[in-house]
Amino acid sequence: MRYGDFNVRKITIVLLLSAIVLISVYFTSIGLQRVLGAVSVRALGTRVRSTTLAWLYQGEFNWANFVGVPRPSVSVAEAGGNETAMPVLLYHGIVSRVAGSEDVTVNEFKNQMFALKANGWQTITFDQFEKAMRGEVTLPEKSFLLTFDDGRKDSYYPVDPILQALGYHAVMFVITGHSVNPHGDYSSSYYLSKDELSIVQASGRWDLESHGYIAHVPYPINASGTAQPFYANKLWLPASQPGETEEAYQARVQGDLEQYFLHKTLWPLADGRLETNGEFESRVTQDLLTSKNLLENTFSIPVDGFAYPFNDFAQSAESDFPEGKGVLFKIVNQIYPFSFYQWSPAGSGYSQNYPGHDGQLIRRIELNPNSTPQSLLNTLAGGQPKSLPYENADQSTAGWESTWGDVKIRTDGALSVAATPQTSGGLAILDGTKLWDEYTAQAVVDWNFASNVSIIGHFNRDPDTVQRYIECSFSQGNVDLRRDDGDAVTVLAHGANAEIEPRSQNTMGISFVGGYAECLWNGGIVASAPLSAGAPREGGFGVEAWDPSLGLAQVTVRQVSVQSTE
Amino acid sequence: MAKQPRTKQYGKSFKGEFVDVGLWFAFFAIIYIILLLKVLTYRTAPDNWFLGFYGIVVTGFIISRFVLAYFHKSPPYDESYQPTVTFVVPAKNEEDNIRETIRRFGEVHYPLEKIEVIAIDDGSTDRTYEEMVGIQEELIEKKGIEVTVVKWEVNRGKRDGMAEGIKRAKNDIIIFIDSDSFIEPDCVRHLVKYFIDPKVGAVSGHTDVYNKDVNMITRMQAARYYIAFTVYKAAESIFALVTCCPGCCSAYRREYVSEFVDEWLNQQFLGGKCTFGDDRSLTNFTIRKYEAVYSPKALAHTVVPETFRKYVKQQQRWKKSWIRETFIACTFMWRKNFLAAVSFYTYTALSILSPLVFIRALIWYPITTHLVPYIYLIGLFLMLLLQGIYYRAETGHPRWIAAIATAWVNSIILIWQLPWAFFTIRDSRWGTR
């Protein structure tokens, strides 16, 4: 080191400057932390990074607006709006590369949010959502609730800067057993930790709600170990072994997650059986309560929302305890004012939630890797309540949803309702029509191939797939006015008319006036009957094509026109 | 900061000193911001441990260069030690500059009777030889300096020219000056003063860019040269292990280079004769046994490429020789001073990794995520801004922002050169110069 001049002066200067810089860095990080109210230095890092990104995203958004980058847009009818329906969006992971069917890429998510913002859509908080659903407040049109399931790291870190840039708010449904488990996090590389959730909560951009405690893992439901969702099934209690203590037995039933069960005495020693009803109720209640209490006590927040893990509330045929659905709903509704499930684009009817008409169970529109800004805008616009009179010659953005068969928009803007190779027909429902009650709805239909074409009114559908509606079913020379309650079909009136025949184009309709239902063929009434007691008195409009042969039925809907009859 | 030569052609007033204080404040403010960002984003920012680690090492390395450079010492010139000196100038087609290059040897503040000049005309097709002879007569007549002009009808290459100079030289110290470089009168004193230490085999002078204000390309090179000498070479010099004493102005002890001149002349790499990076290679031979230092007061000026195309070609040659000589130096550096070895291997690793990190940040990341790599670009920008402010504070050059902006763009364009040089390393053509 003969060419280094390490004299006292130089060393002092370097040490002094280093000290000044390092102490400044130290105190700035502490000071910023205090000013920002973050939980730790790590929170600060998140903030700085997030704020920088948010700032840049905002610039990107404004720049695109400034130079007029074309964005997808869909017009939403002014009348109605969120006074009467509330869309809820659901995302899971926001990732750089799509790995699962639930993932959406960061860029795609950004584009979707930018498109929503540019089209005037605005998020609401969970509190606003609750008040709106209870009818206590009326929110501006184009309001929506943005939700994320599972409390994954990748549904927070890439998302938060985008929310910040757009002034958006979101809800995170947390699997509390993973994220705020008193026994320690067991998947912390994937799920947000308790500390991270404190940061999430402190940002003011997020509400934390419940996604169950340890219910997001399938459990054995029979002796061979078939694993099924926790809330939707009775669990299998294996035979106890000779000399096994009750404690050891509990541990064995609880399996790998034993240490995370808060309650060690759920089950008595058994000789190989399913849980009893009481055991099921007790287990489910404890899990739901544990999750809510953990969130409320850890973060000092109210928790009123719960999302069903696996979107499963025993609605599927695979459940070993289908009657448990009623029990489950009862328990959930006692603990949580609102619970959330997935309305998925196929087979679920209306996509949005109607204050005063819907109960505690909330539909969510689930986004997937194929979603685009345009498809999202279409779904939102199509699901908004439609006011009467309603006319539509272009079906592409009308909001048609399939509940059965093959429903699609053709390139000419007409709607095709057809059977799939596995079905005898198809059924399309016009979203956003749930609140229609007294109306005449007519559709111009190409009767291409179908033994029966039905115009459907007063359509209602429960989340557990039961459909109830009134229909005018047209067939060669005949019309049947029927009431379909899902499990039973009643013919209210029958009409014979030689004019009714499968021809290229007809106007078919259904009308509800003063407790009567009527079927219309090219404007003339061909059947009429009073609605029997218990029949649905409100609900929207749909079209069904049916033929006894599999995969052949197909009709095309060209134009829809609906008038109020009040 | 580092006690470095100031090229005070822009003048300093009271206001100027005031600006200086502001600049140094800005310099430390940027270090502060960089460190603060590192602290704040330590656990969340890196997408993986590798990138996080890489970022910390790069930051640490660059800041440590400034600290080491600050401690670099330049011994005083001792009039009692005045070894004899031979200037060696190989030249090809340099009719515009060669006369001035050689003329300046007669202006030095050094006993002229101890000076000898050897100019080699390496197969020029212009009037280089005539210019050499012209200045030869002038120096002999007016200054009494012995000047030898060697004329080769056929071009043999710069390395042969330098070797010829080494073999013909009679004096103790050989100073290589490029045919487009011009020395300041004090240059010789500050080069030879180090050779009083018998371990020293080579001394690098400080070279500034002569044509710095021609355009953006030359301004940028001026900034790069300045940082490369006063920070990176000064940091290496603390350990007396400068890895490249550039051909534009460097001195070697004749006794030492004579030991390996033939080996160096016939150096083979990957089965081909080495035709460029002669200076780095000569330094590399020297530091195996001896020491190499940097003399910040031995001033010279050199002409740099003025077009982007020529600049890229020059960089390409330098990168190739860097790969070759670094590979060779890797085999013996570990035996040297521990800190010097750590610095050397760290720098080597970072240089090799930087294109990979670059590709990941600017190509792979945007393609897979469709996001702009803001964090990487901001980091790159802050690091260059740090160097830019240092350059402005030290030299007062008014166009530093433009220079640094160009450097920023260039580092993005030129980062490809290292991998490209790696794959084309066996192509030993010079390209148009």
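Around residue B:238, which amide H atoms from residues at least 5 apart in sequence, or from another chain, sit under 5 Å from its own amide H, with H modelled in the peptide plane?
Counting only residues 5 or more places away or on other chains, the set is empty.
Beta carbons within 10 angstrom, averaged per residue: use that to sort the peptides A:548-561, B:192-205, highest first.
B:192-205, A:548-561
Counting only other residues whose beta carbon sits under 15 Å from that of residue A:393, what net charge do I get with K and R as +1, D and E as -1?
Charge balance in the 15 Å sphere: -1.
Name the residues of the range A:2-28 whose accessible area, probed at 1.4 Å, falls by at least 30 Å² once all protein chains are in place instead of their chain on its own?
Buried-area filter returns A:2, A:3, A:5, A:6, A:10, A:14, A:17, A:21, A:25, A:28.
Leaving out ligands and nucleic acids, note down the accessible area per residue over the protein assembly as shown with a 1.4 angstrom probe, in whole Å².
41 Å²
Total accessible area buried between chains B and A, 1.4 Å probe, in Å² to the nearest 100?
Roughly 3300 Å² of accessible surface disappears when B and A pair.
Treat each spin label as a single point 7 Å out from the Cα along the C-beta direction, and report the residue B:402 to residue B:308 distance in nm.
Calculated label separation equals 1.6 nm.
I'd like the mean, over residues of A:89-99, of how many other protein chain beta carbons sit within 10 Å of each residue's own Cβ.
For this peptide, the per-residue mean of nearby foreign Cβ atoms is 1.
Along the range B:26-31, what does the Karplus equation 6.51 cos²θ - 1.76 cosθ + 1.60 (θ = phi - 60°) give for ³J(HN,Hα), rounded to whole Hz, x for Gly and Pro?
Per residue, the Karplus-derived 3J(HN,Hα) values read 4, 4, 6, 5, 5, 4 Hz.
Which pairs, out of B:73/B:158; B:114/B:193; A:325/A:434, put more than 22 Å between their alpha-carbon atoms?
B:73/B:158; A:325/A:434
Once you order the gyration tensor axes a ≥ b ≥ c over the Cα atoms, which shape class does the range B:253-352 get: rounded for a/c under 1.5, otherwise prolate or oblate by comparing a/b with b/c?
It is rounded, given that a/c, with a ≥ b ≥ c, falls under 1.5.
Residues of the range B:98-126 with backbone nitrogen within less than 14 Å of a virtual label 7 Å along the Cα-to-Cβ line of residue B:170, please, listed as ranges.
B:113-118
Which of the three applies to the range B:248-287, rounded, prolate or oblate, going by the alpha-carbon gyration tensor with a ≥ b ≥ c and a/c under 1.5 meaning rounded?
oblate
Could you compute the net charge surrounding residue B:420? Neighbours are other residues with a C-beta less than 10 Å from the C-beta of residue B:420; K and R count +1, D and E count -1.
In short, +2.
Report, ordered by chain and residue number, the aspartates and glutamates lying within cross-link reach of residue B:167, taken as a straight Cα distance under 17 Å and ignoring same-chain residues fewer than 8 apart.
B:116, B:121, B:122, B:146, B:255, B:259, B:262, B:263, B:278, B:279
Mind pulling the angle between the C-alpha long axis of helix A:106-118 and the longest principal axis of chain A? Nearest 10 degrees, somewhere in 0 to 90.
With rounding to tens, the tilt is 60 degrees.
Please give the FRET efficiency for residue A:498 paired with residue A:466, using the beta carbon to beta carbon distance and R0 = 41 Å, rounded to the nearest 0.05.
0.65
Thinking of the protein assembly as shown as a set of Cα atoms, what percent of all their pairs are more than 51 Å apart?
Of all Cα-Cα distances in the protein assembly as shown, 45 percent exceed 51 Å.
Top to bottom by accessible area (1.4 Å), largest first, where do A:366, B:259 land?
Output order, biggest surface exposure first: B:259, A:366.
DSSP loop (so not H, G, I, E, B), at most 15 other Cβ within 10 Å: list which GluC sites (Glu not before Pro) in the range A:476-557 pass both filters.
A:499
Any idea what the relative contact order of the range A:371-462 is, in percent, if you count C-alpha pairs under 8 Å spaced at least 6 apart?
Reported as a whole number, the value is 24 percent.
Which peptide among A:224-231, A:96-103 comes first, and what is the full order, when sorted by highest mean count of other Cβ atoms within 10 Å?
Top to bottom by mean Cβ count within 10 Å: A:224-231, A:96-103.
Given R₀ = 41 Å, FRET efficiency for residue B:33-residue A:138 by Cβ-Cβ distance, to 0.05?
Plugging the Cβ-Cβ distance into 1/(1 + (r/R0)^6) gives 0.30.
Roughly speaking, to the nearest percent, how much of the protein assembly as shown's 1.4 Å accessible area is carbon and sulfur?
The C+S portion of the solvent-accessible surface of the protein assembly as shown is 56 percent.
So what is the diffusion coefficient of the range A:104-195 in µm² per second by Stokes-Einstein at 20 °C and 1.002 mPa s, using a Kirkwood Rh over Cα pairs?
The diffusion coefficient I find is 146 µm²/s.
Which of the peptides A:323-332, A:210-219 is most tightly packed, and how do the rest follow, judged by the mean count of other Cβ atoms within 10 Å per residue?
A:210-219, A:323-332
Run the numbers for residue A:251 and residue A:277: contour at 0.36 nm per residue of separation, minus the present Cα-Cα distance, in nm.
Extra length from residue A:251 to residue A:277 when fully extended: 7.3 nm.
Can you list residues whose amide H is under 5 Å from residue B:88's amide H, if they're 5+ apart or on another chain and H is modeled 1.01 Å from N?
B:118, B:175, B:176, B:177
Note down the nm distance, to one decimal, between modelled labels 7 Å out along Cα→Cβ at residue A:537 and at residue B:367.
Going from the residue A:537 label point to the residue B:367 one covers 6.4 nm.
If every alpha-carbon in chain A counts as one equal scatterer, what log10 I(q)/I(0) does Debye give at q = 0.07, 0.08 1/Å?
One equal scatterer on each Cα of chain A leads to -0.51, -0.64.
Summing Lys, Arg as +1 and Asp, Glu as -1, what charge do residues with Cβ under 10 Å from the Cβ of residue B:169 carry, residue B:169 excluded?
Once all neighbours under 10 Å are counted, the net charge is +1.
The values are calculated or read from the model by the stated rules, or taken from the named source; none is laboratory data. Please read all numbers here as calculations on a predicted model, not as lab measurements. All Cβ positions, even for glycine, are placed from backbone atoms using ideal geometry, and neighbour counts span all protein chains on display. These area figures cover heavy atoms from the full protein model, side chains too; ligands, DNA and RNA do not enter into them. Shrake-Rupley method; radii C 1.70, N 1.55, O 1.52, S 1.80 Å.
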